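The values are calculated or read from the model by the stated rules, or taken from the named source; none is laboratory data. Since this is a predicted model, take the numbers as computed values, not measurements. Don't worry about glycine lacking a Cβ; one is built from the backbone with ideal geometry, like all the others, and counts go over all protein chains shown.
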Amino acid sequence: MLQHFSFSSFVLTSKDTYSVQKFLKIAFGYVNVNWNTYIEFNARCQQLIEVYLLIGGVTEVK
């Protein structure tokens, strides 16, 4: 990605799936901070139809 010749957006993906809460817990855990202190849930932003599973593609990385 660092040697890519043009600007582009990249999404890194793995075979594992995590909830947003689990992701925040892991990410904030690296800096030893409680994510609940910085993240606030807003019910107005919640999707009406819950997406059960999102899987990233690796075509851009190949």
Scope region 19-33; condition polar (S, T, N, Q) and either loosely packed, with under 10 Cβ neighbours inside 10 Å or more than 19 Å from Leu53 (Cα to Cα) (or both); matching residues: Ser19, Asn32
Restricting region 6-40 to residues that are in contact with a Gly (Cβ under 9 Å, 6 or more places away or on another chain) and part of a loop (DSSP other than H, G, I, E, B), which is modelled with the lowest pLDDT? Val11
